[in-house]
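Just below is one structure, and these are the notes that go with it.
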Amino acid sequence: MTSDRFGNAFTETAPTDAAAIDDFVHGFLAYQPKAANILAAAENTPSSALINVYAGMLWMFLEAPVAPDKAAPYLARAQNAETANPRERSTLKIAQTWASGNVPETMRLCETHADKYPRDLVIIKLAQYLYFNAGDAPSMLRAGLKAIPAAQNEPFVHGMIAFGYEQCHQLEQAEASARLAIEIEPTDAWAHHAIAHVMLTQGRVIEGAAFMEKMAPRWEGLNSFMYSHNWWHLALFYISMGKHDEVRQAYDSHVWGLEKTFAQDQIGAASLLARMELAGIDVQDRWKDVADHIALRGADTTLPFLTMQYLYALGRSNDPMADTLISAIKQKASAPSFEQDVWRNVALPACEGLLAYTRGDFETTVRALGNALPRMAEIGGSHAQRDLFEQVHLDALMKTDRLAQAQQVLEMRRTFDPDGVPLNEMLAQVYEKTGLPDLADQARQRAPH
């Protein structure tokens, strides 16, 4: 019996076990590609329960319909392992339950496990991920805080806590926790990410861009998700600042093209392209490559938050797979499950509105997407990510000349993006059309571009 870098005991079955487990634990928390080394390690050491559990969990993070089948042989080997300590058996139970599709029970098991093993940061991170996908911000924070005080001096703990605070709109605490994380581990990209969220929400756009530009060299060598996602955040600052060339450069060099088959890379690209267009940036033929790769997923309804963005990309590119996917979404919404209510009453109307938008039916977008917006948090994703759907709805209000509604939304948005160039350009249009030229001039002065 030996322990990982956080003091969690594991059963050693081969001399290479410790290195393989460390690669996964550290790589998973630090978003480094070495986490994937666990797959080869599992093939080489089929007798190790924990190595095979971790390999199965890695496949589950694929966020695709095939993930449970990919995870199954590893979890079966872990089940058949002759020796496993209580923590390893608990980890196996969590992974098996997750792969079975019972997410609520997986969350419960993660909570119980973290109470008993508060330095097991892999399971705490998994709990946060599952709560994130369910739109449960308080539980995200609670899960992260389980590592305190037992692991309060460990890297990555405070980055997890920071994101939980940020999603709970506790922005001062979020920034304090993120800066503590960076003090302990300056390369903690998840903590950089939390600060980007805080600064975007507080309208600290120029400061946020400068901070992320300073951190960017530290993202080299990270996995495609963390690298591209932090650049995605930097691109949002550029959009607000009206820096069109910088946005296109970020997209071409840092957001799209790293791992084109991975779900998070695909939705990051689709989301950024959509925001670019909404801000008046010409994306030329960039949609086609993204949509072509998304089309290869088929009718993927693994997570509503992902599916909504797949559909938008397919619709925007006039890909026939869009009709196949919307049919699958309707079927998903009618199938009994723990998530049926979210699919039926949030994701389905939102998808109908998004697809209508890509096809120029803005009246349907206003109605269908508007009906879903009050409950949009339930589909998962972050505030910043879900803001795309608010922007699409706003643009539909503009396109249907619902100027009074658009004015209200725009002025509320100006509380967190006061000098945003696209926002103020839209406000100038609204005030001009509603006979308020002085306010239109003021908006134009805030958007000199």
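In segment 12-51, how many are within 22 Å of Trp219 (Cβ to Cβ), surrounded by fewer than 17 Cβ atoms within 10 Å (Cβ to Cβ) and either among the hydroxyl-bearing types (Ser, Thr, Tyr) or modelled with pLDDT under 95 (or both)?
Residues flagged as within 22 Å of Trp219 (Cβ to Cβ), surrounded by fewer than 17 Cβ atoms within 10 Å (Cβ to Cβ) and either among the hydroxyl-bearing types (Ser, Thr, Tyr) or modelled with pLDDT under 95 (or both) within segment 12-51 amount to 0.
Condition test on Lys93, is it free of Cβ contacts under 8 Å to residues at least 40 places away in the same chain and either surrounded by fewer than 18 Cβ atoms within 10 Å (Cβ to Cβ) or touching a His at 6+ places or on another chain (Cβ under 6 Å) (or both)?
The answer is yes for Lys93.
Filter segment 85-138 down to the residues that are closer than 17 Å to Phe10 by Cβ and of a type in the set (S, T, N, Q) and list them by number.
Across segment 85-138, the qualifying residues are Asn85, Ser90, Thr91.
Conditions tested, residue by residue: (1) in contact (Cβ under 8 Å) with a residue 40 or more places away in the chain; (2) among the small types (Gly, Ala, Ser); (3) touching a strand residue (DSSP E or B) at 6+ places or on another chain (Cβ under 7 Å); (4) under 17 Å from Ala269 (Cα atoms).
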| site | (1), (2), (3), (4) |
| --- | --- |
| Lys288 | no, no, no, yes |
| His293 | no, no, no, yes |
| Met308 | yes, no, no, yes |
| Tyr312 | yes, no, no, yes |
| Ser317 | no, yes, no, yes |
| Lys332 | no, no, no, no |
| Phe338 | yes, no, no, no |
| Asp341 | no, no, no, no |
| Leu348 | no, no, no, no |
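Scan segment 401-424 for residues that are within 16 Å of Phe237 (Cα to Cα) and either touching a residue at least 24 places away in the same chain (Cβ under 8 Å) or in contact with a Pro (Cβ under 6 Å, 6 or more places away or on another chain) (or both) and jot them down.
Passing the criteria: Thr415, Phe416, Asp417, Pro418, Asp419, Gly420, Val421, Pro422, Leu423.
What are the pairs, 6+ residues apart or on separate chains, where a residue within segment 246-266 that is more than 22 Å from Ala279 (Cβ to Cβ) has its Cβ under 9 Å from a residue that is open to solvent by 40 Å² or more (accessible area, probe 1.4 Å) and β-branched (Val, Ile, Thr)?
Final answer for the pair search is Ala263/Thr302.
Looking at (1) open to solvent by 20 Å² or more (accessible area, probe 1.4 Å); (2) touching a Gly at 6+ places or on another chain (Cβ under 9 Å), can you tell me which one Ser334 breaks?
Only one criterion is unmet by Ser334, namely (2).
So which residues in segment 407-447 are of a type in the set (Gly, Ala, Ser) and either surrounded by fewer than 17 Cβ atoms within 10 Å (Cβ to Cβ) or within 17 Å of Met241 (Cα to Cα) (or both), if there are any at all?
Gly420, Ala428, Gly435, Ala443, Ala447 - these are the residues of segment 407-447 that are of a type in the set (Gly, Ala, Ser) and either surrounded by fewer than 17 Cβ atoms within 10 Å (Cβ to Cβ) or within 17 Å of Met241 (Cα to Cα) (or both).
Looking only at residues in segment 152-197 that are among the acidic types (Asp, Glu) and closer than 20 Å to Lys214 by Cβ, which one is most open to solvent (accessible area, probe 1.4 Å)?
Per the criteria, the residue is Glu183.
Taking the conditions exactly as written (crowded, with 18+ Cβ neighbours inside 10 Å and free of Cβ contacts under 8 Å to residues at least 60 places away in the same chain), does Phe362 satisfy them or not?
The answer is yes for Phe362.
For segment 313-323, give me the residue count where each residue is part of a helix (DSSP H, G or I) and open to solvent by 10 Å² or more (accessible area, probe 1.4 Å).
Matching residues across segment 313-323 total 3.
For segment 236-253, indicate whether the set of residues that are among the basic types (Lys, Arg) and either on the phi > 0 side of the Ramachandran plot or open to solvent by less than 30 Å² (accessible area, probe 1.4 Å) (or both) is non-empty.
Within segment 236-253, none of the residues are among the basic types (Lys, Arg) and either on the phi > 0 side of the Ramachandran plot or open to solvent by less than 30 Å² (accessible area, probe 1.4 Å) (or both).
Going by the conditions given, is Thr307 buried (at least 24 other Cβ atoms within 10 Å of the Cβ), modelled with pLDDT of 95 or more and in contact with a Cys (Cβ under 8 Å, 6 or more places away or on another chain)?
Yes: the conditions hold for Thr307.
Only residues that are hydrophobic (A, V, I, L, M, F, W, C), under 12 Å from Ala64 (Cα atoms) and assigned to a helix (DSSP H, G or I): list them for segment 291-307, please.
Ile294, Leu306
For segment 357-365, does any single residue satisfy the condition of being within 21 Å of the chain's Cα centre (by Cα) and of a type outside the set (Lys, Arg)?
The answer is no, given that none of the residues of segment 357-365 is within 21 Å of the chain's Cα centre (by Cα) and of a type outside the set (Lys, Arg).
Taking interchain pairs and intrachain pairs at least six residues apart, which have beta carbon atoms under 6 angstrom, with the first residue in segment 205-223 and over 22 Å from Arg413 (Cα atoms) and the second assigned to a helix (DSSP H, G or I) and open to solvent by less than 90 Å² (accessible area, probe 1.4 Å)?
Met212/Ala196; Met212/Leu234; Met215/His192; Trp219/Ala189; Trp219/Tyr227; Trp219/Asn230; Leu222/Ala189; Asn223/Pro33
Yes/no matrix, rows are residues, columns are (1) open to solvent by less than 30 Å² (accessible area, probe 1.4 Å); (2) in contact with a Ser or Thr (Cβ under 7 Å, 6 or more places away or on another chain); (3) modelled with pLDDT of 95 or more:
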site	(1), (2), (3)
Glu63	yes, yes, yes
Lys70	no, no, yes
Arg77	no, no, yes
Trp98	yes, yes, yes
Cys110	yes, no, yes
Arg119	no, no, yes
Ile124	yes, no, yes
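Could you grab the pairs with beta carbons closer than 6 Å, sequence gap of 6+ or different chains, first residue in segment 64-83 and closer than 25 Å to Leu303 by Cα and free of Cβ contacts under 8 Å to residues at least 24 places away in the same chain, second one assigned to a helix (DSSP H, G or I) and open to solvent by 50 Å² or more (accessible area, probe 1.4 Å)?
As it stands, the answer is Lys70/Trp59, since those pairs meet every condition given.
The values are calculated or read from the model by the stated rules, or taken from the named source; none is laboratory data. Worth saying up front: this structure is predicted, and the values here are computed from it rather than measured. Positions of Cβ are generated from backbone atoms using ideal geometry, with glycine treated the same way; all protein chains shown enter the neighbour counts. Only protein heavy atoms, including side chains, enter the accessible area calculation; ligands, DNA and RNA are left aside. Shrake-Rupley method; radii C 1.70, N 1.55, O 1.52, S 1.80 Å.
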